[in-house]
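Report on the following structure.
The values are calculated or read from the model by the stated rules, or taken from the named source; none is laboratory data. Because the structure is a prediction, the values reported are computed rather than measured. Cβ: placed from backbone, ideal geometry, glycine included. Neighbour counts: every protein chain shown. When the accessible area is computed, the model is the full protein with side chains, heavy atoms only, and any ligands, DNA or RNA have been set aside. Shrake-Rupley method; radii C 1.70, N 1.55, O 1.52, S 1.80 Å.
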Amino acid sequence: MAKQEAATPEPPDASDRPDRSDRRNSAGRHDRANGADRPVLHLIGNAHIDPVWLWQWPEGYQEIRATFRSALDRMNEYPEFIFTCDSVAYYELVAEIDPEMFEEIRQRVAEGRWALAGGWWVEPDCNLPSGESFVRQALLGQRFFLEHFGRIATVGYNVDPFGHNLMLPQILRRSGMDSYVFMRPGRNERVLPGQVFWWQSPDGSRVLAYRIPHEYTAGREDLGYHLDKSISQLPDGWTEMMAFYGVGNHGGGPTRENLDSIRRLDGAGAMPSLRHSSPRAFFDSVLASADEAGIPTWTDDLQHHAIGCYAAHSGIKRWVRRAENELAAAEAWSSVASAQAGARYPHEPFGLAWRQVLFNQFHDTFGGTAIEPAYRDARDQLGESASIANRHRNVAIQSISRRIAFATDPSTVPIAVFNPHAWPVRATVEVEFGGLKSTDGLIDDSDAVVPLQPIQSYATVSAWRSRFAFEADVPPLGYRCYRVKANVPRPARSPLRVAASSLENDQVRLELDPANGRIRSLVRKDGEGEVEIMAAGLGSRAVVLDDTSDTWGHRLLAFRDVIGEMAAARVEVIESGPVRGVLRVDSQFGESRLTEDYILGAHSGEVEIRCVLDWREHARALKLRFATRVARPRATYQVPYGTIERPPNGEEEPGQQWLDVSGEVDGGIAGLAVLNDAKYSFDVDGADLGVTAVRSPIFAHHEPALPSRGVRYQFQDQGLQRFTLRLVPHRGSWDAAGLTRRALELNQRPTVLLESFHEGSLPGASSFASVEPEHLVLGALKHAEDGDDLVVRVVETEGRSADALVALTGWGRELTFPIGPYEIRTFRVPRDRGAAPYETDLLERPVDQA
């Protein structure tokens, strides 16, 4: 059975849709066309398969093979039966292991008996992956369908995930899908405008959405009870709706008992006309018979279900985020290296790495609800993806760096700093170095002296190894060279002031309470004066909460049961120099310990908090809270390729790399944003922001099961973890603070490379690509899936239109185009400079052919 519940743009590609009259004839009798007045219930035979959940992936993969074999056998026995299946990863598995069965599936797809749906690699968690990961789910999935079946899926299909972000309609439409099937949130979790409704993204893209009644699976037996429960959830007066059946989760699919009962029930009593069908046939029937303008529209996300999944298992959250970031940087630098150095673009390794990432974004894996051994598998697979990305990024960067001219000077050691972002970045970087002398200084490519600050080396047993920090100023998607040089005075003057419990520069002043180590004051300083952001007497807290809910957090909307706080043992100055100051706070609750390093750079408008948490609690959670002074607060969260404003009611919400609360402060508008490198679970309670750092339920504990006495359970997130936050106090609303770019700078830091002396054609600093204006980012810079043309994806991040300029100086090209609020636009730049760039959909097909 299903997992227990706690309760228009241009038309898409129609290559998998025959005309509607043919579709109806192939799918079964349409009683209304024959004069009958009974409503039609489209029956969707399916087998939802979790490749990972209460089992590891090898068992899940075997079940995929068994389920597909069963579906093909039932087709031979029941000529009316139609089977629907999504998750392209499953098809790739069968094609690799059992090519004969894959050929059978191809034949059934061609006949219309096997319906392709979803078009994504798996059914991922639909809140936590990055915007670009959602694009890649479709890019790799739909292109596989097109290559092997000659068509793509036109119905989005995520029946099991635990919530759905509001940017999905745009991503679905631009990857060839005009409709969407989901089940959660259920009727008891969210009131929607109808069983069928238009779901619309902020850019105006919309898909026709349908919420599955009752469950997406059924037992092996007669379907009478299952259909009665499904029909009871449908609105009054319905004429055409869908119900799903088939043994699922561990696979199985429709059984003989299921199919025999459909034959018996069809036409019995008050039962509607039962029609073997597919989601595509259902949506086509709705569009053919309904007044499209009369279908209601929904413009919000689809939440909440299982709020515990936003924080469950910190490891999988960090591993996925790291792999996403590493791949983005590796693709961009490999593209630059191909253009500048003739390096071969690693199509196949990147394809493998992305498929590993996408597979581990499966909702039970990424959502943290699988069994403990499944996360050893995920760690290894995501580690492989990150390793592939790192290896090829290194090859690309060194291919570029060896072409930089470094004149021989024995008194110097050259360093190159590479910025992965398409805008200038000024950031503090750290360099592990051998043989740094007290008389050594640092100069940039124009021989200007740059402040340098020695810090603790990782090689603590070697006096020869050292480490230092400096502030690098690097051009967009480019590099700048520096040199450690003998006998260069180190500048002592700095705008930075460090005291026993405070850090201050010309933009920010941070004060910690020496008695408890929590933030007492955070002031934003600018030309208009100073504005205090933190609430007096509250500041920051590290709050411990009782959390006896299951892994999913079923039936909860918030974590509110405070049982204590981490108590600070001491505050101490760790670093004080011209580049940055660092204050360290150690605190403890029971056997758990938290170390927070508060870091302020000399010219930074952000306070970085590097956290090391040693967590020993069971069935408890830790929230880092930041109380602000803002009145009439507005809470804004980054979501995949977009933002959303939510009520500041203290409910747990999913987010991406930042959240913000802004409102009235001292007669003006100001606020506080919190950026992160590995967290996804947040709340805003009034003007108080909360970041859920950790929660520790039993692995895969699912209500209504209760823990038994005498059983030694494994609890999540025991032991050491590291993560980083950045506090951004700002004047004005959130969209004046450049939060998306700032968060990307935290998540994708510059790469530092120690170099040697050699000749080269490249200068001491250079840029290869940039994007303007400041609220645009490059979602991807990569080679095309089917060649070596360049693919450029641009995303608007603040909800306002712009005239975009993408300067591809490394390719001698330039793109100019309008972009709308929260719009995603993709362009293909031919390698042949005589050919003009053109826009594509998210599957990299020309828009006029998609």
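Observations
- For region 254-366, with +1 on Lys and Arg beta carbons and -1 on Asp and Glu, the positive-most of Ile262, Ser277, Ala311 along the dipole: Ala311
- Ranked packing of 136-147, 671-682, 105-116, most packed first, by mean Cβ within 10 Å: 671-682, 136-147, 105-116
- Peptides 441-450, 285-294, ordered by how many other C-beta atoms sit within 10 Å of their residues on average, highest first, read 441-450, 285-294.
- Heavy-atom accessible area, probed at 1.4 angstrom with all protein chains present, ranks Ser733, Ser201 as Ser733, Ser201, highest first.
- Probe 1.4 Å, all protein chains present, accessible-area order of Asp841, Asp848, largest first: Asp848, Asp841
- Region 385-436 and region 582-632: distance between their alpha carbon centers, rounded to Å: 31
- Computed from phi, the 3J(HN,Hα) profile of region 587-600 under the Karplus parametrisation 6.51, -1.76, 1.60 (θ = phi - 60°) reads 9, 8, 9, x, 8, 8, 10, 10, 10, 10, 9, 8, 10, 10 Hz, with x in place of Gly and Pro.
- Lysine pair number, Cα distance threshold 16 Å (strictly under), the chain, separation 8 or more or different chains: 4
- Label zone at Arg344, where the point sits 7 Å out along the Cα-to-Cβ direction: region 777-819 residues whose backbone N lies under 19 Å: 783-790
- Surface accessible to a 1.4 Å probe, per residue, for the residues of the chain, Å²: 36
- In terms of packing, defined here as the mean over residues of other Cβ atoms within 10 angstrom, the peptides 795-805, 774-784, 342-352 line up highest first as 774-784, 795-805, 342-352.
- Remark: region 147-163, residue by residue, has Karplus-estimated 3J(HN,Hα) of 5, 9, 10, x, 7, 10, 7, 10, 10, x, 8, 9, 7, 10, x, 9, x Hz, where x stands for each Gly or Pro and the curve is 6.51 cos²θ - 1.76 cosθ + 1.60 at θ = phi - 60°.
- C-alpha center-to-center spacing [region 366-383, region 717-782] in angstrom: 28
- Potential lengthening of the chain between Ala268 and Ser733 amounts to 161.3 nm, from the contour at 0.36 nm per residue minus the alpha-carbon distance.
- Between region 150-167 and region 278-344, the alpha-carbon center distance in angstrom: 9
- Fraction of accessible area attributable to carbon and sulfur, region 380-460 (%, probe 1.4 Å): 50
- Beta-bridge orientation, the chain: approximately 85 percent antiparallel, per DSSP, counting only bridges with both partners inside.
- For region 492-616, the fraction of 1.4 Å probe accessible surface lying on carbon and sulfur atoms is 45 percent.
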